[in-house]
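Working notes for the structure below.
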Amino acid sequence: MSQQDNVRVVRDERTREDTPQKPEVELPSLGFTGTLRFMWTQLTSMRTALMLLLILAVAAVPGSLFPQRPAGPEIVQDYLEQNPVLGEWLDRFQMFDVYSSVWFSAIYLLLFVSLIGCVFPRAVKHAKALRSAPPRTPRRLSRLPEYGTVKLEPAGPSPAAAVDQAATYLRKRGYRVEVREEPDGGASVGAERGYVREIGNIVFHLSLIGVLAFMAVGSLLSYSGQKILVEGEGFANTLVAYDSFTPGSAFSEDRLVPFSMSLKSFDAVFDRESQTHYGQPLDFTAVMEVQDGTDGEPQEQVLKVNHPLDIHNTRVYLVGNGYAPEITVRDGNGDVAYQGPVVAQVQDQVYTSLLVIKAPDAQPEQLGFVGFFLPTAYTGEDGVAVSIDPDLYKPELNLNSYYGDLGLDEGVPQNVYVLDTDDLTELNSRSVDAGGITLTPGESYDLPEGKGSISFDGVKRYVGLDIHHDPGKWGVGFFAVLALVALIVSLFVRRRRAWVRGTTGPDGSTMVEYGLLARGEDFGLREENLALRRQFERMWPVVAPEDPQNRPE
Amino acid sequence: MQPINLQLASYSDLFMLIAALVYAAAFILFALDMANSSKTIRALEAELAADTALEPQAQLVGAGAGTTSHGPGPVVDTAGAGSGPELVDEDMDYLGTTRRPVANVAVALMVIGVALHAFAVIARGLAAHRVPWGNMYEFCTTGALLVAAVYLLFLIRKDIRFLGTFVAGLVVIMMCAATIGFPTPLAHLQPALQSPWIVIHVSIAVLASALFTLTFSMSVLQLLQHRREARIRTGGPARPAFLRLVPSALSLENWSYRINAVGFVMWTFTLIAGAIWAEQAWGRYWGWDTKEVWTFVIWVIYAGYLHARATRGWTGERAAWLSIIGFAALVFNFTIVNTYFPGLHSYAGIPE
């Protein structure tokens, strides 16, 4: 992509810019199209590409320093609340959406425009080179970086015959050759090899465009969503069934592949042997029942981390798991106000799980509970229970209870995992006389003041699933692999030119001189020189060099 | 899951420590060799003088090129200017004349160190029935092994003893970082890491890092050599002396380019393999996770390095700086990003 020819132009422009007192003289010489052309050559110059690359590297960094909205909007919200002034400024500069920001997009789009502007002319040029003969033989081969001569004994072939034989050998070495008559009687062969190096270079850069294009296709047509499934629960792939859903820009609901699945069982294995990693997870296995379409035969399939389910290119991933204690809440009238498993959010390695229960149907007062589920409870000397193991050795619920208006009746959407206790009255907690609620499976507890009761019926497990569909990923993968192959070709195939000239020396014997020129990086030119020389000595009766420097070793 | 062989694991730990000590000894000897370089240079010059007396056309630079060589080129001439004849081969080939006993002992120690180290790494893998690169400690120790092994492999063909102090020093640092910074008892892999891709993705990433470590040391030497050459051109002192045993800046640049090109291909592969694994584990091939960001940043820096080689005004010193910056980003990615940045790649495995 060398644009060294432009260097002079650039310098001239700089001088012009430095003399603003005479713009009326200087500007017309460029003109509007001239200015555009100048800007275009600037943009497509290697130097600009290099600058854009380095700027891109720097520009990508803030995305790792600040929380990003696509990865976790709630973390960004926390950050904004904790740093109101700085956060607002950062947000103004799109520091929380770095990779979709105006400035980041501007850099990579400029880079790709520069790339296109650089690669297309090169492709055209190379297409011409592919159809044309190797370049003509320079008059003075000795000025080339690699050069050698051999003198043949009188019994050796004539100059023309020697050049023909050299051409055959060069063709065998992968060179494209052309034999020519020399004006002064001898003959020469021009040869070039490694054309595929430039093809690799061009294909590599075009593949990057392919990667970007299919990433764009993906962002249009893809969708992804989350779903939590408790053992025994089912899911049908419809929009309403998702807990959260992120559609691509061109998404429509009929793009959802019809299938349904349910969680039959979930099993977690923890390390029980290691002294140092006791309780570390070793294996998560979810047994799913998957039904293809609406009337397919249900099939049992095993879902594991790193082993997603695949239903017609919609993939289901196991990304989380936890416990869902089964709870029954009765209200002050003795009626069931809530019944079923409650998904508890895992907080740490030992599955200390945060639990919120809302019973808006409870009469006469709505009831709310918040607390922890501990799979293996251990009560310390301070009376605080903690979990000490992720497995269900001694499950226990520790809850506070509240009554009052849960705030659900106004229709404002609420986070199911958060209980806003501002408008509620505390019934049970460690700070009131009644104390907190502690329940083991099978136990019940009657709330104070006859507000109702809560019972802990059992524990189920749940899995967190990510469901993804991205038709663009195949194109991205194809072009990424193509880029890699092309990169290897463009870096390691050697492109070089060789010329061999045969002449008749003053004493009537045949003299053969040859020269080599690398195009692009080529560190094997000297080896090529030696290989040619060895071959010549094998083919022809070569006169041993006389001077000591040329003595064979 | 097969139980961990604790006996073998403890042998692994022990051999890791012994290997680190042997490397430290090699480092000291390499450093001694460097400090004594003026003596080596005197010996070499004496040898050279003797050779020249016997044979007017001493086979020095470019000896391997035989009859076709017509001088090492103008740049090499300036490199040697004012400091006597060249003592090392521009193509880093062994000249056969160079006798550096201290450096040779250091190389022998490196060989022993690598053998012990290889045993330790393999034993750790065997003890847990998995690849030995599942956490920071293991990335570090396996990476150090590859740095040392790649260095020794190059040493077979090329006289790069001048790199010894740097390579041995970096290996010692890596071993210290592993055993002091990230000591991790042997354990099974967590479910997220149980994938064939850990073998492919991580091994190539570690190998690429090993190559970038070598080119980093070469680029540092290149900068030093460049300055020395500039000083010599302006008639300044030809110091530091040990650089006379180091090839010219141009030669270092060419070699680090060749190795960086291989490293870049491997890094590209790491990026693609990582994306495929990410698709299989998390459902998306690219999500700008902190680790992905930094892998991308490193890729772009080395891409810039390769472009710099073809840009007027960006070869030489600037390219060397890009190589150094790329390595700095690599180290940052490995240490700071793994331990302090929250992200999906939080597999440091450092006990809290």
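Structure notes:
- Subset of region A:68-78 (residues that are buried (at least 19 other Cβ atoms within 10 Å of the Cβ) and within 28 Å of B:LEU330 (Cβ to Cβ)): A:GLN68
- Here the strands (runs of 3 or more DSSP E) wholly within region A:236-321 that include at least 2 residues being under 20 Å from B:GLU279 (Cβ atoms) and within 14 Å of chain B (Cβ to nearest Cβ) are A:244-247, A:281-292, A:299-304, A:309-311.
- In region A:191-202, the qualifying residues are those that are over 18 Å from A:SER114 (Cβ atoms) and of a type in the set (A, V, I, L, M), and the one that is surrounded by the fewest Cβ atoms within 10 Å (Cβ to Cβ) is A:VAL196.
- Breaking point among (1) away from chain B (no Cβ under 11 Å); (2) more than 30 Å from A:HIS205 (Cβ to Cβ), for A:ILE75: (1)
- Qualifying position, being surrounded by fewer than 22 Cβ atoms within 10 Å (Cβ to Cβ) and in contact (Cβ under 8 Å) with a residue 24 or more places away in the chain, among B:LEU145, B:LEU155: B:LEU155
- Test for A:SER455: is it more than 39 Å from the chain's Cα centre (by Cα), in a strand (DSSP E or B) and surrounded by fewer than 20 Cβ atoms within 10 Å (Cβ to Cβ): yes
- Residue within region A:296-313 that is modelled with pLDDT under 95, among the small types (Gly, Ala, Ser) and closer than 28 Å to A:GLY458 by Cβ present: no
- Among the residues making up region A:496-553, those that are touching a Phe, Trp or Tyr at 6+ places or on another chain (Cβ under 9 Å) and either charged (D, E, K, R) or modelled with pLDDT under 85 (or both) are A:ARG496, A:ARG497, A:ARG501, A:GLU513, A:GLU521, A:PHE523, A:ARG533.
- Filter result for A:GLY520 (in contact with a Lys or Arg (Cβ under 7 Å, 6 or more places away or on another chain), surrounded by fewer than 21 Cβ atoms within 10 Å (Cβ to Cβ) and within 10 Å of chain B (Cβ to nearest Cβ)): yes
- Odd one out for B:HIS307 among (1) within 11 Å of chain A (Cβ to nearest Cβ); (2) at pLDDT below 90; (3) outside any loop (DSSP other than H, G, I, E, B): (2)
- For region B:258-290, the set of residues classified as more than 23 Å from A:TRP474 (Cα to Cα) and more than 7 Å from chain A (Cβ to nearest Cβ) consists of B:ILE259, B:ASN260, B:VAL262, B:GLY263, B:PHE264, listed by residue number.
- A single entry from A:LEU516, A:LEU487 fulfils the requirement of being part of a helix (DSSP H, G or I) and at negative phi: A:LEU487.
- In region A:471-492, the residues that are more than 10 Å from chain B (Cβ to nearest Cβ) and closer than 20 Å to B:PHE296 by Cβ reach residues that are among the β-branched types (Val, Ile, Thr) and in a helix (DSSP H, G or I) with C-beta atoms within less than 6 angstrom, at least six apart or across chains, in these pairs: A:PHE479/A:VAL211; A:ALA486/A:VAL203.
- Looking at A:PHE266, A:PHE259, just one residue is farther than 18 Å from A:ASP391 by Cβ and either surrounded by fewer than 18 Cβ atoms within 10 Å (Cβ to Cβ) or not small (Gly, Ala, Ser) (or both), and that residue is A:PHE259.
- Any hit, region A:202-223, residues being assigned to a strand (DSSP E or B) and in contact (Cβ under 8 Å) with a residue 40 or more places away in the chain: yes
- Residue among A:TYR278, A:TYR317, A:TYR323 that is under 15 Å from A:LEU229 (Cα atoms) and in contact with a Lys or Arg (Cβ under 8 Å, 6 or more places away or on another chain): A:TYR323
- Restricting region B:264-295 to residues that are of a type in the set (Phe, Trp, Tyr) and either surrounded by fewer than 19 Cβ atoms within 10 Å (Cβ to Cβ) or farther than 18 Å from B:PHE212 by Cβ (or both), the residue that is farthest from the chain's Cα centre (by Cα) is B:TRP282.
- Qualifying residue in region A:401-413 (condition: surrounded by fewer than 19 Cβ atoms within 10 Å (Cβ to Cβ) and touching a Phe, Trp or Tyr at 6+ places or on another chain (Cβ under 7 Å)): no
- Every test in (1) more than 9 Å from chain B (Cβ to nearest Cβ); (2) more than 19 Å from A:PHE112 (Cβ to Cβ) is passed by A:GLN42 save one, and that test is (2).
- When A:ARG92 is tested against (1) modelled with pLDDT under 90; (2) surrounded by fewer than 15 Cβ atoms within 10 Å (Cβ to Cβ), only condition (1) is not met.
The values are calculated or read from the model by the stated rules, or taken from the named source; none is laboratory data. Small disclaimer: the values here were computed from a predicted structure and weren't measured. Note that we place each Cβ from the backbone using ideal geometry, even for glycine, and neighbour counts take in every protein chain shown.
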